[in-house]
Every structure is written in C-alpha cells, then in structure tokens.
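*Asks:* What follows is a structure written as structure tokens; I'll ask about it next.
Bear in mind these aren't lab numbers, they're just calculated from the coordinates by the rules spelled out. Since we're looking at a predicted model, the values are computed, not measured. Cβ coordinates were reconstructed from backbone atoms using ideal geometry, including for glycine residues, and neighbour counts include every protein chain displayed.
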Amino acid sequence: MGTDSAMQTSGTSGRLWGARARDWAEVQEGQCAAAFRAVLDHAGVGPGTRHLDVRCSAGMAAALSATCGAAVSGIDAAEALLEIARERTPAGDFRRGDIEALPLEDDSFDLVTGFNAFQYAGDAEQALREAVRVAKPGGMVVIMTWGEPAGMEASSLVAAHRTALAPFRQPDGS
C-alpha cells in the first residue's frame, strides 16, 4: 500500500473542498459529466472493470462508471463530498485520504482517473507514482484537467514528472 507518511494535503483540502459539497454536487459537477463519459468510453469501461477515481469529489465519475458495470472506488480529502459519493453509489468503496499515499493494494485497478486532481497534491510526483502503483499492469491512468493545455500548470506538472509515468503512454502516443 501507499507510503507510511502522515496525511499531507487532505486536512486542508478537505476543509476547503468540503465547505459547500452539496452545492458542488448539485450545481457544478454536472458540467463535468460529458468529460467523464468521454474518458469512460475511451477506457472501455464495462462489467468487470475496476475503476479508482483519485480525488473523486462527490462521485459523479464513479457513479457513471458504475452504471457501465464497473466496480468503483474513490479517494477524496473531503468527508462531505465522500458522503454524497456514497449516496450516489452505495456499492462503491469511497475513502478519505491523501492521493500521495493511497490506502490501496498494488496492481488493483484497470482504470485510475484523476480529474482535476494531481496539481493539488502536496507532492505531485508521489501522487503520480501512487496512481501508477495501484493500476494493474496494462491498466490505464488518465489525468484530466480543465482548459487549454498551453500554459496550464497541470500540463507542465505532467511533463516534468514523465519518469513517474514511464510505463504509460499518453493518448497521442508520447
């Protein structure tokens, strides 16, 4: 399982992101549904898929994945958001924790997603290593952020930490 270090970002992030959890879930999160569906389609999610959503928020991506037949798990820093995720997908496994130290076994998931997630980690390289660690050999790790790639903090983050992602390829083959 993940590193033995104490929680690095979940305390602060949990308070910030959980402050208006229901508002996010009911008003804002729906705007992301098309992107979530596109990723799930691209990944071929279906019955038998094991999907982990890192920094899962209120669980919309996991809920959509579950409707495709996937077994879903999610990690988030905000307990208020996790409560909504559990309401949406009662059969899912949703846990509070840091993305730098995922409380999950190695080689467990066919798909690991991080929607607008890794740039908020206290140690982004460690968070990326953790995503790779819990993905099955041949599995897929998808990192998605919102906006144009040029000039985005997350784009430079991924480029700078390519060595942590060495076993994986981006959709464009690079």
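*Asks:* I need the shape label for region 32-164. Rule: rounded when a/c is under 1.5, else prolate if a/b > b/c, else oblate, with a, b, c from the alpha carbon gyration tensor.
*Replies:* Cα axes put region 32-164 in the rounded bin.
*Asks:* Quick one: which residues, 5 or more positions from Val141 or on another chain, have an amide H under 5 Å from its amide H? H modelled 1.01 Å from N in the peptide plane, none for Pro or chain starts.
*Replies:* Val112
*Asks:* Could you list His51, His42 in order of exposure, starting from the residue whose Cβ has the fewest other Cβ atoms within 10 Å?
*Replies:* His42, His51
*Asks:* Suppose we keep just the DSSP beta bridges with both residues in region 32-164; what percent of those would be antiparallel, to 5?
*Replies:* 0
*Asks:* Would you kindly derive the ³J(HN,Hα) couplings of region 59-69 from the backbone phi angles with the Karplus curve 6.51 cos²θ - 1.76 cosθ + 1.60 (θ = phi - 60°), listing them in order in whole Hz, with x for Gly and Pro?
*Replies:* x, 5, 4, 5, 4, 5, 5, 4, 5, 8, x
*Asks:* Okay, next question. Quick one: which residues, 5 or more positions from Lys136 or on another chain, have an amide H under 5 Å from its amide H? H modelled 1.01 Å from N in the peptide plane, none for Pro or chain starts.
*Replies:* The answer is Ser108, Phe109, Asp110.
*Asks:* How much net charge surrounds His51 when only the other residues with a Cβ under 11 Å from the Cβ of His51 are counted, with Lys and Arg +1 and Asp and Glu -1?
*Replies:* Here the count lands on -2.
*Asks:* Give, as a single signed number, the net charge of other residues whose beta carbon lies under 11 Å from the beta carbon of Lys136, with Lys and Arg counted +1 and Asp and Glu -1.
*Replies:* Charge balance near Lys136 sits at -2.
*Asks:* Another one. Would you kindly derive the ³J(HN,Hα) couplings of region 124-137 from the backbone phi angles with the Karplus curve 6.51 cos²θ - 1.76 cosθ + 1.60 (θ = phi - 60°), listing them in order in whole Hz, with x for Gly and Pro?
*Replies:* Along region 124-137, the couplings run 4, 4, 5, 4, 5, 4, 5, 4, 5, 4, 7, 6, 5, x Hz.
*Asks:* Taking amide H positions as placed in the peptide plane 1.01 Å from N, state which residues far from Ala117 in sequence (5 or more) or on other chains have amide H under 5 Å from it.
*Replies:* For Ala117, whose amide H was placed from the backbone, the distant partners under 5 Å are Met144.
*Asks:* Now a separate question. Within a 10 angstrom radius of the beta carbon, how do Cys56, Cys32 rank from fewest other beta carbons to most?
*Replies:* Cys32, Cys56
*Asks:* Let me ask something additional. Stretched out fully, how many nm does the piece from Lys136 to Thr67 gain, at 0.36 nm a residue minus the Cα gap?
*Replies:* Between Lys136 and Thr67, full extension yields 22.7 nm more.
*Asks:* Give me the number: length gained by fully extending Ala35 to Arg95, i.e. 0.36 nm times residue separation minus the C-alpha to C-alpha distance, one decimal in nm.
*Replies:* 19.3 nm
*Asks:* Compute the signed sum of charges (Lys and Arg +1, Asp and Glu -1) over the other residues within less than 11 Å, Cβ to Cβ, of Ile99.
*Replies:* So the environment of Ile99 carries a net charge of -4.
*Asks:* Per residue of region 72-84, in order, report the coupling 6.51 cos²θ - 1.76 cosθ + 1.60 (Karplus, θ = phi - 60°) as ³J(HN,Hα) in whole Hz, putting x for Gly and Pro.
*Replies:* Ordered by residue, 3J(HN,Hα) equals 10, 9, x, 10, 8, 8, 9, 4, 4, 6, 5, 4, 5 Hz.
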